[in-house]
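Report on the following structure.
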Amino acid sequence: MADNNTASAKTDSTKSDAAKTENLLETRSKEKETLPPSPLHTDHGSTLIAEQVVQKIAGIACREVPGVHAMGSAGRRMLSSITDRIPGSTTNVSNGVQVEKGERQCAIDLSVVIEYGYSVVEVANKLRETIIDAVEYGTGLEVVEVNVQVTDVYIQGEDDDDEQHAQAANQHKNTELS
């Protein structure tokens, strides 16, 4: 009698596993039907895009918007200005761009310095428009949001004065050492 119960339990377990597998396949099939079509996922395979790709595209698009003077925090910009002076180094176009990416969508956070005289609202809206167009065209990902953080306002001549003071200080040090 115990063998009969064990056989019956195994049959029920096998039926249960088969039912679970069938339900899982049905669920996946329904998910495929309900998901909007994407150029990244086709019947022939999927295309995966790294966050760095989205960051670079967004960073390049940012630099095309009038009124954007620089990208990133003050510390990051200072580090970039030092590395830019090294022969053979390349400019980091993704400075000030953070990306959260899924399979079909992404969200982008920007940190920018706006030039004095430009409307922060207009520049931010133009950034959103330009970045959404560039990223959606370049990657096929849907951009669900672009958050813009304005960290500073650039006033022409402000950085020039600092650079002149630094050069004068270096010349003074060089004459003292001679």
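The values are calculated or read from the model by the stated rules, or taken from the named source; none is laboratory data. Values in this document were obtained by computation on a predicted structure and should not be read as measured data. All Cβ positions, glycine included, derive from the backbone under ideal geometry; neighbour counts span all protein chains shown. Heads up: the accessible areas ignore ligands, DNA and RNA and are worked out on the full protein's heavy atoms, side chains in. Shrake-Rupley method; radii C 1.70, N 1.55, O 1.52, S 1.80 Å.
Numerical summary
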item: Gain upon complete extension [V144, S38; 0.36 nm per residue less C-alpha separation]; result: 36.7 nm
item: Spin-label model distance (nm) - E100 vs E51, 7 Å beyond Cα toward Cβ; result: 1.1
item: Heavy-atom accessible area ranking, 1.4 Å probe, most first, across S46, S94, S119; result: S46, S119, S94
item: E136, E103, ranked by accessible area, largest first (probe 1.4 Å); result: E103, E136
item: Cα point-scatterer Debye curve for region 102-162, base-10 log of I(q)/I(0) at q = 0.16, 0.17, 0.28, 0.29 Å⁻¹; result: -0.59, -0.64, -1.13, -1.17
item: Solvent-accessible surface (1.4 angstrom probe) belonging to R128, in square angstrom, nearest 10; result: 80
item: Solvent accessible area, Å² - T42, 1.4 Å probe, full protein context; result: 70
item: Distance in nm between pseudo-label sites at A107 and V120 (7 Å out along the Cβ direction from Cα); result: 2.2
